[in-house]
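Here's the structure, in C-alpha cells; my notes come after.
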Amino acid sequence: DRAIFYRKHNNIPESWGTAVNVQAMVFGNMGDTSATGVAFTRDPSTGAKKFYGEFLINAQGEDVVAGIRTPKALTKASRLEMKEGGESLEEAMPQVFAELVAVYQRLEAHYRDMQDLEFTVERGKLYMLQTRNGKRTAKAALKIAVDMAAERLITQDEAVMRVDAAALDQLLHPTIGAGYKRDIICKGLPASPGAAVGIVVFDSDEAERLAADRQKVILVREETSPEDIHGMHASQAIVTARGGMTSHAAVVARGMGRPCVSGAGDIRIDMKLGEFRAGGRVIKKGETITVDGSSGEVLFGAADMVQPELTGDFGTLMAWADGARRMKVRANAETPADAATAVTYGAEGIGLCRTEHMFFDAERIAAVREMILAEKLPARVAALDKLFPHQRRDFAEIFKVMGARPVTIRLLDPPLHEFLPHTEEECADVAAATGFDAKVLLARSKELAESNPMLGFRGCRLAIVYPEIYDMQTRAVFEAACDAAEQGDAPNPEIMIPFVIAKKELELLKARVDAVAEEVFTARKRRIEYLVGTMIELPRAALKAGDIAEVAEFFSFGTNDLTQTTMGLSRDDAGKFLGTYVERQVLMSDPFVSIDAEGVGELVGLACERGRAARPGLKLGVCGEHGGDPASVAFFERAGLDYVSCSPYRVPIARLAAAQAALSRG
C-alpha cells in the first residue's frame, strides 16, 4: 500500500515496478555502547547548514520513529537549544560522533545535496544503513540550493533545477501551522493555494459590506459568476460546492491571490436558514472557518497561520532562473492592483486582460444591462458611451503600471446573458435599482438564454452582430494609450479577438479595430504601435491556423476552453469523475491542471507549425491557467511558444518552470 501511494503521490508510472533492498542487520540494542539514529546534513525545515537529527541509546531504528521513547539531539548545541536533559551523541559517544561527522561531510560532498542518513552503533562501532537525498520544505530547498551554489558544490543552473517550481506556492501564500490539529468540515479541490480564516457569508453584497467594516469573511457559494467579483475581492477565501480546477471561482481566486476550495460536493447551502451542511455538521452564517486552498480542506475554527517570507535567497534564485529561461512570463490581470502585483513578482507583461471583469461594479453593470436591453443601434451606442470613460480610465491605469511592457487586451468574450438577472426575484431587485421594467428584464434574459452558452453567442460572434461593442472598447484602448504616451509612458497594447473559428471573422473585426485606431491617432496627432491577434481556443481555429495567421499578428492559446472543446469535458462538471479517470489511468493527470499533451497539445503544436508557416515570426503565447503549471510549461517550451501567462501569484512558479524546461532541453 505504501508503494502504491508513493507512486501515485509522485506521479511514478506503475509499470516501473518497485525496487527492494535486502541487507544484513546490525543491532543498536546491545546495551549502553549501542545506539541508532537518523540525521540530516542540513536542517530540512530551514535549510540552515547544521548537522541535524536524533538518536536513542540501546535502541533499534523503529524505536526512534515509533515515539515510545523520546529521542535525544545529536549535537551538544542542539541539546542546549532544545533545553533537553541527558547527553547528546556528541557527549555520550564522542569518537562515534566524530566519525559520523566525517562520514556525513564526505557523503554530502559526493552526492552534492542534503543527505538523509540512518545509522546504527553496535558496541561502539558505527554502521551506516542508508543515505538518500533528504526531503525538505520549499523554504529549505531554496536556501540549500543557493548556499550550495555559493559553496561551489553545484552550479547556478543546478541550483535552479533543485527547487520544485510547484512548491514555491509554499513561499508565496500564508499557510497553516504545521502543529495545528485540523477539525475538517469537508474537502474539495485545491483550486487556489494559501490559507485564510474568516466568518462564513453566503452573499457577495454582504461580503463586501462586512469587509468594509473590517471583518474578515469567507464567501461560501454553490458556484460563483462574474456578478460575484466584488464579493470575492472582499473575501479572504472562497468555497464553492460545484466547479472544477478551472471554474470561474478557481480562475478568479488564483488571479486575486485568494485561497479557494472548489467542488466541495458535500456542502448543502440553505440561504433561507443562513447555513450550510456537510458531513452531518451544520455551519451557520457568522461562524469562523479556515480554508486551506493548498490541500482542498475546509476546517472549523481559526487555524494558526504562518505568513510567507520572500527572503534574499528567493531573489537570487529567481535571477538565476531568469538568466536560464528562453520563454517570457506574463500575467493575467485586469486591475491596476493585479498588474502591480504581477510586476512585483517579475511579470514581463500582461498576457490576458479580461475586459468583461471590468463591467461588474454597480455603476457599470447598469450601463451594460441598458446596452443589452436596447432594441435599436442609437440606444445601444448611448449605453456604450456611458461605459466608455470607465474603460478608458481602466486601460490608462494599467498602461501606467505596465510601462513599456506588452498588454494583451481581450475584447468582450462571455455571452450577454451573464450580465442579466435570471430569476423573477433578481429581476425585481435590478428593476428597483435601475428603473427598468422587471418583466422586460426577465423576458430579455429568457430571450438570450442558450442551451450551451459557452459554445454560443459570445466572443467575436457578438462583435460580428453588434460591432459597436468592440468599437467602444478599442477606442477606449487607443485613447488610453495616447493619454499614457502624453504622460511619458510607452504603452504597448495588443488587441485580442476571442473565439475565432475562421479567417473572415478576424478580417472583419481587424478592419474595424484598424479604422478606430486611425480615427483616434488622427484626432490626437499621435501614433501608437499595436498588434491585433486572436485567441486559439477552438479546435477549428487550431486546424485553420495557417489561414488565420494571414490576418492575426499573434496567437494566444486559451487552453482552458481548448481542453473543454477538444476533450468534450466541462471544466465545471468533470470533477465528478476525473479523479476516477486519473486513478484508473484513463488519463495520467487532470487535463485542466496539466495540459493533455497527446490530444490538446497536438492541436497546439499543429497551430504553431501552420501559423508560423503562414507568418514567420508569429508571436505565440498561452493565457490559460496551464501557463502556471510546471509540467505544462515544459510542454510549451518544447512547442516553441514565446511566452506563458498565468495568475500574478503564479508568475514566480512559471519563471522557475520555464528556466527548468529550457535547461532540460539543453
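The values are calculated or read from the model by the stated rules, or taken from the named source; none is laboratory data. Remember, predicted model here, so these are calculated numbers, not experimental data. Please note: Cβ atoms are built from the backbone with ideal geometry, for glycine as well, and neighbour counts cover all protein chains shown. SASA here: full protein model, heavy atoms, side chains in, ligands and nucleic acids out. Shrake-Rupley method; radii C 1.70, N 1.55, O 1.52, S 1.80 Å.
Amide H contacts under 5 Å for Asp183: Phe300, restricted to partners 5 or more places along the chain or on a different chain, H placed in the peptide plane at 1.01 Å from N. Each 10 Å bin from zero up to the one holding the largest Cα-Cα distance in the range 250-298 carries the following percent of pairs: 23, 50, 27, 1. Separation of the range 372-418 and the range 512-561, taken as the distance between their Cα centroids, equals 16 angstrom. A crude spin-label estimate for the pair Gln130 and Gln307, with each label 7 Å from Cα along the Cβ direction, gives 4.0 nm. The phi torsions of the range 106-119, fed into the Karplus equation with coefficients 6.51, -1.76 and 1.60 and a -60° offset, translate into couplings of 5, 5, 5, 5, 6, 7, 6, 7, 4, 9, 9, 10, 10, 9 Hz, rounded to whole numbers, with Gly and Pro shown as x.
Heavy-atom accessible surface of the range 394-484, averaged per residue, reaches 40 Å², computed with a 1.4 Å probe.
In this structure the range 67-205 gives 51 Å² per residue of accessible area when probed at 1.4 Å with all protein chains present. For the range 1-83, a Kirkwood radius taken over Cα pairs fed into Stokes-Einstein (37 °C, viscosity 0.692 mPa s) yields D = 212 µm²/s.
Between Lys386 and Glu550, what length in nm is gained on full extension when 0.36 nm per residue of separation is reduced by their alpha carbon distance?
Taking 0.36 nm per residue and subtracting the Cα distance, the gain is 55.5 nm.
Along the axis of the charge dipole computed for the range 203-297 (Cβ charges of +1 for Lys and Arg, -1 for Asp and Glu, origin at the Cα centre), the listed residues Gly255, Thr290, Ile218 are led at the positive end by Thr290.
Applying a threshold of 32 Å to the alpha-carbon distances of Lys446/Lys504; Lys83/Lys187; Lys446/Lys576; Lys76/Lys139 flags Lys83/Lys187 as lying beyond it. Taking 0.36 nm per residue of sequence separation and removing the Cα-Cα distance, the Val586/Arg461 pair yields an extension gain of 41.5 nm. Of the accessible area of the chain, computed with a 1.4 Å probe over protein heavy atoms only, carbon and sulfur atoms account for 51 percent.
Separation of the range 581-640 from the range 127-199 is 27 Å, based on Cα centroids. Computed over the alpha-carbon pairs of the range 101-250, the distance histogram in 5 Å steps reads 2, 8, 12, 13, 12, 10, 9, 8, 8, 7, 5, 3, 2, 1, 0 percent, short to long. Estimated from helical segments only, the mean residue ellipticity of the chain at 222 nm is -13000 deg cm²/dmol, where each DSSP H run of four or more residues counts as -39500 (n - 2.57). A straight Cα-to-Cα reach below 19 Å connects Lys135 with the lysines Lys8, Lys49, Lys50, Lys143, residues fewer than 8 places away in its own chain not being considered.
Taking the Cα atoms of the chain, the ratio Rg/Rh between the radius of gyration and the Kirkwood radius comes to 1.03. Per residue, the range 207-259 exposes 35 Å² of solvent-accessible protein surface, assessed with a 1.4 angstrom probe and all protein chains in place.
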